[in-house]
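Visitor: The structure under discussion is supplied below as structure tokens; questions concerning it will follow.
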There are 2 protein chains.
Amino acid sequence: MKLTPQQIETFNREGWLFLPELFTPAEIEVLRAEAANVLASNREEIWREKNGAPRTAFAAHKYNEAVAILGRHPRMIEPVEQVFGERVYMHQYKINAKAKFDGDVWQWHQDYATWLRDDGMPEPRAMNISIFLDEVFPFNGALMLVPRSQQHGNIEAGHDTSTTAYPLWTLDNATVEKLAAEGGIVAPTGKPGGMLMFHGNLVHGSAGNITPYPRRIVYLTLNAVSNHIRKPTRAEWIAHRDFTPIEPCADDALLEFARRHRQAAE
Amino acid sequence: MKLTPQQIETFNREGWLFLPELFTPAEIEVLRAEAANVLASNREEIWREKNGAPRTAFAAHKYNEAVAILGRHPRMIEPVEQVFGERVYMHQYKINAKAKFDGDVWQWHQDYATWLRDDGMPEPRAMNISIFLDEVFPFNGALMLVPRSQQHGNIEAGHDTSTTAYPLWTLDNATVEKLAAEGGIVAPTGKPGGMLMFHGNLVHGSAGNITPYPRRIVYLTLNAVSNHIRKPTRAEWIAHRDFTPIEPCADDALLEFARRHRQAAE
């Protein structure tokens, strides 16, 4: 799967690109079931909201086969290789739960702020990917992006370790207000299976979720191999040290996985 | 201004009706300026979020002329009289701030739960009205409604006095999930000047607002005169005791107010 020259131009200018329903309902059905298993398990790689609801599950591709297949999927890997003009490896892999009723906010931030400070990543040549496992509505905590904010590079930030259960380098209100006055705010929504790609310096956040609809997404970072991290300080399952280029799997690998599992269950 | 028979039928079935851009930009400009004055003042009728940002200002029609004019506006009064088949009085009048960056949630609830318990209102024959002073986006804390939930009548609720600065009779998660499975969730959005009417038993709530866009609305309750409250326990500026039917003002009264003020300033 290849992006068109116009899609790449849009990405370079706006800092994000949304591909609705890139994965089929049958593929997402497999992933939803496996993600539910992951989020229901009890491991140190699963971080929780203050009330105990799961917030994010790290590195489930290390122990869950379907999640691992998605991490090598050509519909995700190839567009990112195209943008960077080189091969990529998995820098971070999360399932973000944004639980129904209790999903907490993610304050406004740039992800590269953390990759630079905590991981020693040389350049913002890593791509954020969000794949929708549930339908993303306007009201269940959709990711909000500030278009073109990546053009400002790495913006001064403060370290928020108190607002939520996940420490972040967050931007102050005046900065967010200025950037939104320039670029506006967009919140891509849609059916399960959509894929959102965005720049490591794109400012983003998400509101809390008080609806009965969970908003689970796979949220991962693909880094250009030449841009591998130099000074990791976080656990290996948060900022990976295996810089091997990803070998894409077959395009139908998720369905093949499902067929194998159905046979095993019969 | 009259609703069509079809609009009334929709209201009776769905429990809500949205009239986009019912007030003009010139009218809203007047109201925004006056609402900003109200929210910036320091009075006991203005309640604040835990961090000090204004949450809601009660009864500003008692001391602000433009706010008072809106409370008698025929574009608001006449449709409600039509639905109830009788004249109405002002039961409650608030400006809800939902401040930029810091606007807090309103948990899922029915307003009639409070009117019944705290005010002794005999029937749910009072209409909630929300008039948009700012643009309501999908992402700055839009009111979310559960269509048709008013058909369940007054639903058992628990008194939440801890989650936010405003005590509410809130519904439990299982109930909200069941109602949303039947009716879905809608979140009317649009330009300043839109007016949303909804039933006193319609289940509603709103998420927090982390965006740089405030979401100020006028939020008021018009009660059928025959349904006046019997056992008020809350302050007079929260649950009004003046049951006099509202005399609508002229349709251009807000513009006339603006003209007088411009002249006075010259």
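The values are calculated or read from the model by the stated rules, or taken from the named source; none is laboratory data. Model, not experiment: these values are computed from the prediction. Heads up, the Cβs are rebuilt from the backbone with ideal geometry, glycines too, and the neighbour counts pull from every protein chain shown. The area values use the complete protein model at the heavy-atom level, side chains included, leaving out ligands, DNA and RNA. Shrake-Rupley method; radii C 1.70, N 1.55, O 1.52, S 1.80 Å.
Visitor: Which condition does A:G158 not pass, out of (1) at pLDDT below 95; (2) surrounded by 19 or more Cβ atoms within 10 Å (Cβ to Cβ), if it passes all the others?
Guide: (2)
Visitor: Quick one: would you say A:N64 is open to solvent by less than 20 Å² (accessible area, probe 1.4 Å), in contact with a strand residue (DSSP E or B) (Cβ under 7 Å, 6 or more places away or on another chain) and within 17 Å of A:I217 (Cβ to Cβ)?
Guide: Here the answer is no, as A:N64 does not meet what is asked.
Visitor: If a residue must be surrounded by fewer than 24 Cβ atoms within 10 Å (Cβ to Cβ), more than 22 Å from B:R13 (Cα to Cα) and in contact with a strand residue (DSSP E or B) (Cβ under 8 Å, 6 or more places away or on another chain), how many such residues does segment B:135-150 contain?
Guide: 1
Visitor: Taking A:T221 and the conditions (1) at pLDDT 95 or above; (2) under 30 Å from B:A187 (Cα atoms); (3) buried (at least 21 other Cβ atoms within 10 Å of the Cβ), which numbered condition does it fall short on, given that it satisfies the others?
Guide: Among (1) at pLDDT 95 or above; (2) under 30 Å from B:A187 (Cα atoms); (3) buried (at least 21 other Cβ atoms within 10 Å of the Cβ), A:T221 violates only (2).
Visitor: If B:P232 satisfies every condition in (1) open to solvent by 20 Å² or more (accessible area, probe 1.4 Å); (2) in a helix (DSSP H, G or I) but one, which is the exception?
Guide: (2)
Each row is one residue, and each column tells you yes or no for (1) in a strand (DSSP E or B); (2) within 14 Å of chain A (Cβ to nearest Cβ); (3) over 25 Å from B:G158 (Cα atoms); (4) modelled with pLDDT of 95 or more.
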residue	(1), (2), (3), (4)
B:W47	yes, no, no, no
B:T56	yes, no, no, no
B:A66	no, no, yes, yes
B:I69	no, no, yes, yes
B:I129	yes, no, no, yes
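Visitor: State all residues of segment B:167-189 that are open to solvent by 20 Å² or more (accessible area, probe 1.4 Å) and farther than 23 Å from B:E9 by Cα; if no residue qualifies, say none.
Guide: Correct list: B:P167, B:W169, B:T170, B:D172, B:N173, B:A174, B:T175, B:E177, B:K178.
Visitor: Considering segment B:71-111 alone, what residues qualify as being hydrophobic (A, V, I, L, M, F, W, C), farther than 30 Å from A:A174 by Cβ and within 14 Å of chain A (Cβ to nearest Cβ)?
Guide: B:W108 - this is the single residue of segment B:71-111 that is hydrophobic (A, V, I, L, M, F, W, C), farther than 30 Å from A:A174 by Cβ and within 14 Å of chain A (Cβ to nearest Cβ).
Visitor: So, one more: Out of all the residues in segment A:33-47, which are out of contact with any Lys or Arg (no Cβ under 7 Å at 6 or more places or on another chain) and buried (at least 17 other Cβ atoms within 10 Å of the Cβ)?
Guide: A:E34, A:V38, A:L39, A:E45, A:I46
Visitor: Give me the residue from segment A:72-111 that is touching a helix residue (DSSP H, G or I) at 6+ places or on another chain (Cβ under 6 Å) and surrounded by 22 or more Cβ atoms within 10 Å (Cβ to Cβ) and, out of that set, farthest from A:K178 (Cα to Cα).
Guide: Among them, the one singled out is A:V88.
Visitor: Residues to consider are B:R55, B:R72; find the one that is over 28 Å from B:V105 (Cα atoms), in contact (Cβ under 8 Å) with a residue 40 or more places away in the chain and charged (D, E, K, R).
Guide: Checking each option against the conditions leaves just B:R72.
Visitor: So in segment B:112-127, with the set limited to residues that are open to solvent by 10 Å² or more (accessible area, probe 1.4 Å) and touching a helix residue (DSSP H, G or I) at 6+ places or on another chain (Cβ under 6 Å), which one is nearest to the other protein chains (Cβ to nearest Cβ)?
Guide: Filtering first and then ranking leaves B:P124.
Visitor: Can you name the residue in segment A:214-266 that is touching a strand residue (DSSP E or B) at 6+ places or on another chain (Cβ under 9 Å) and aromatic (F, W, Y) and is also nearest to B:L143 (Cα to Cα) among such residues?
Guide: A:Y219
Visitor: Select, from A:I229, A:I155, the only residue that is touching a helix residue (DSSP H, G or I) at 6+ places or on another chain (Cβ under 9 Å), within 25 Å of A:M90 (Cβ to Cβ) and not polar (S, T, N, Q).
Guide: A:I229
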